[in-house]
Amino acid sequence: MVVWEPRIENMPPEELEALQYRSMKTLVYRLYSFSEFYHARMRAANVHPDDIRSLKDVTKLPFMSKKDLRDGYPDKTFAVPRKEVVRYHASSGTTGKPTIVGYTKNDIENWTNSLARSLTSIGLGPNDVIQISNTYGLFTGGIGFHYAAERIGAAVVPASTGNTERQIELIQDLGVTAMAATPSYMLHLGEVAERMGISIKNDTKLRVGLLGAEPWSIKMRDRIEDWLGVKGYNCYGTSELSGPMFSECSERDGIHIWGDMAYVEIIDPETGEHVAPGEKGEMVLTMLQKEALPIVRFRIGDITSIDPEPCPCGRTHPRIRRIFGRVDDMLIVRGINVFPSQVQHTLMSIPEVGEHFQIIVERKGTLDTMLVKVEIKKEAFTDNIVKLMEIRERIAHRLKNSLNVGATVELVEPGTLPRYEGKSRFVVDKREF
Ligand code: DLL
């Protein structure tokens, strides 16, 4: 039941490139002919599908970003009729509106297959019990891992997030061997287990962590392994690509990006030109098989590099190194993407709020906390505590609704937050990764 496709996964690099070129060509013709959005984009860039005569010519195609999806909200960038869409997911955008991702039946199939291949490359299969502690719902983490884990024949425990004590009981009682979660949740689980008098290392069978959705370092990986006896495997994806799709293999030395599904480029974020092989830059992905929401030269905003060395596991597809950071100011708090611009957008819709705010993110114990300090307007400032509390509650409620993650709100007097002459720095991130 495992998903291992050596004919594809171990394909000689020249053959893989030839396959990518054929898929790219088909994709570009399809979009030019059937997608209003891409047709207009290509016309504006003065490029015709006939101009793509090798993989290198991909650089003639225009870039795409989250902004295009936002401007096309909810589905103007979709390339199939509504009746072919079988699912929607959503991810936070830079303003109040999320970006919507649609899937055809084939899109779900490819997503599942991609992650199932990755889980197999870690060594998971029908003997495993996999607890999915990523959120189920509009976020792609829960359902994405669920489908892939079922596909490899594992027994799935769809725990979703929250109720950590019960999650620990399930890990013990069902003999859970692997868990999909954010790395910070994994650490939190370890703490709660300790408080319950349970050692994850000695009292459970949990040995594999399918960890991702937020930045984490080798240091954090080692800590999880030493303390909990859980080997962490770096899992990567974004909702625009479909969701979590790729992971490290048993070597744990870089994330294999399946080349039959995706074409990776690394660019200099300033110039848009390719960096030298092996150098760091902004990752740009083209999804070669996606139907409902095609993704062509998508600037995800993550900084990484491609490891040019072949992987000892024998798989030949490109491997990216850990994500080093972002080109924009996106923060990830408890696995949820938060844009300071989205916080600003929400705050500015509240009449009592002034122009200045500050987001302070900290890791208290193992969980991220977000404090939003808000200056309120002079005319709204009062010594009536009840009134101030009402404003604070209202702000917290609005933020929770628009960000999908809770924040503590502190109201401060007008004129007390730092002012900047240059670029404002709205965020103070005190976390250590
Ligand atoms: O976070 C999909 C996912 C779910 C990946 C579960 C892995 C596990 P989005 O909510 O669209 O999708 O957020 C995507 O999260 O652009 C990165 O900045 C960040 N991210 C995801 N995985 C990693 C990782 C999901 N392994 C954004 N390391 C991406 C660092 C990651 N950052």
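Residue check: T286 meets all listed conditions (1) within 11 Å of the ligand (Cβ to nearest atom); (2) within 22 Å of R70 (Cα to Cα); (3) of a type in the set (S, T, Y) but one, namely (1).
Considering the conditions (1) within 16 Å of the ligand (Cβ to nearest atom); (2) closer than 18 Å to G415 by Cα, V374 is excluded by exactly one of them, (1).
Residues to consider are R252, R221; find the one that is within 15 Å of the ligand (Cβ to nearest atom), assigned by TED's automatic domain parsing to the domain that holds N10 and assigned to a loop (DSSP other than H, G, I, E, B). Unique residue meeting the criteria: R252. Scanning region 240-278 for residues that are charged (D, E, K, R), within 28 Å of K67 (Cβ to Cβ) and open to solvent by less than 10 Å² (accessible area, probe 1.4 Å) yields E240, E265.
Against the list (1) part of a helix (DSSP H, G or I); (2) in contact with a Gly (Cβ under 6 Å, 6 or more places away or on another chain), the condition V2 fails is (1). Exactly one residue out of V275, V208 is in the same structural domain as Q20 (by TED's automatic domain parsing) and in contact with a Leu (Cβ under 7 Å, 6 or more places away or on another chain), and it is V208.
Checking the structure you have, find out if any residue of region 306-318 is out of contact with any Ser or Thr (no Cβ under 9 Å at 6 or more places or on another chain), without any contact (Cβ under 8 Å) to a residue 40 or more places away in the chain and within 14 Å of the ligand (Cβ to nearest atom). If you could, list the steps in order and put the result at the bottom.
So in region 306-318, the residues out of contact with any Ser or Thr (no Cβ under 9 Å at 6 or more places or on another chain) come out as 306-309, 311-312, 314, 316-318.
Of the ones still in play, those that are also without any contact (Cβ under 8 Å) to a residue 40 or more places away in the chain are 308-309.
Keeping just the survivors that are within 14 Å of the ligand (Cβ to nearest atom) gives none.
Within region 306-318 (the criterion being out of contact with any Ser or Thr (no Cβ under 9 Å at 6 or more places or on another chain), without any contact (Cβ under 8 Å) to a residue 40 or more places away in the chain and within 14 Å of the ligand (Cβ to nearest atom)), the answer is no, since none of the residues qualifies.
Taking the listed residues L399, L347, the one that is more than 27 Å from E191 (Cβ to Cβ) and in a helix (DSSP H, G or I) is L347, with no other qualifying. Candidates in region 202-218 are the residues that are part of a loop (DSSP other than H, G, I, E, B) and not acidic (D, E); of these, the one that is nearest to A181 (Cα to Cα) is A213.
Taking region 330-387 as the range and being of a type in the set (S, T, Y) and surrounded by 20 or more Cβ atoms within 10 Å (Cβ to Cβ) as the test, only T346 passes.
For (1) over 30 Å from R319 (Cβ atoms); (2) assigned by TED's automatic domain parsing to the domain that holds I152; (3) open to solvent by 40 Å² or more (accessible area, probe 1.4 Å), each residue gets a yes or a no:
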residue	(1), (2), (3)
V3	no, yes, no
P12	no, yes, yes
S54	no, yes, yes
T59	no, yes, yes
P62	no, yes, no
E84	yes, yes, yes
Y88	yes, yes, yes
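Considering only region 112-201, give the strands (runs of 3 or more DSSP E) lying wholly within it that have at least 1 residues that are within 23 Å of L367 (Cα to Cα), more than 24 Å from the chain's Cα centre (by Cα) and in the same structural domain as D226 (by TED's automatic domain parsing). Even if it seems obvious, please write down each step before you answer.
Details: elements: 129-132, 155-157, 178-181.
Strands (runs of 3 or more DSSP E) meeting the threshold: none at all.
Might you check whether a residue that is within 13 Å of the ligand (Cβ to nearest atom), open to solvent by less than 20 Å² (accessible area, probe 1.4 Å) and farther than 19 Å from L124 by Cβ occurs anywhere in region 197-216? Looking for residues that are within 13 Å of the ligand (Cβ to nearest atom), open to solvent by less than 20 Å² (accessible area, probe 1.4 Å) and farther than 19 Å from L124 by Cβ, one finds at least one in region 197-216, hence yes. Is it the case that some residue within region 404-424 is in contact (Cβ under 8 Å) with a residue 60 or more places away in the chain, open to solvent by less than 30 Å² (accessible area, probe 1.4 Å) and polar (S, T, N, Q)? Checking region 404-424: not a single residue is in contact (Cβ under 8 Å) with a residue 60 or more places away in the chain, open to solvent by less than 30 Å² (accessible area, probe 1.4 Å) and polar (S, T, N, Q). Considering (1) at pLDDT 95 or above; (2) more than 16 Å from the ligand (Cβ to nearest atom); (3) in a loop (DSSP other than H, G, I, E, B), the lone condition that G96 does not fulfil carries the number (1).
V101 - would you say it is open to solvent by less than 10 Å² (accessible area, probe 1.4 Å) and within 15 Å of the ligand (Cβ to nearest atom)? Let's see the steps before the verdict.
On the way: open to solvent by less than 10 Å² (accessible area, probe 1.4 Å): yes; within 15 Å of the ligand (Cβ to nearest atom): yes.
Spelling it out, V101 is indeed open to solvent by less than 10 Å² (accessible area, probe 1.4 Å) and within 15 Å of the ligand (Cβ to nearest atom).
The values are calculated or read from the model by the stated rules, or taken from the named source; none is laboratory data. Remember, it's a predicted structure, so these values are computed and weren't measured experimentally. Note that each Cβ is placed from the backbone with ideal geometry, even for glycine, and that neighbours are counted across all protein chains shown. All accessible areas refer to the heavy atoms of the entire protein, side chains included, with ligands and DNA or RNA removed. Shrake-Rupley method; radii C 1.70, N 1.55, O 1.52, S 1.80 Å.
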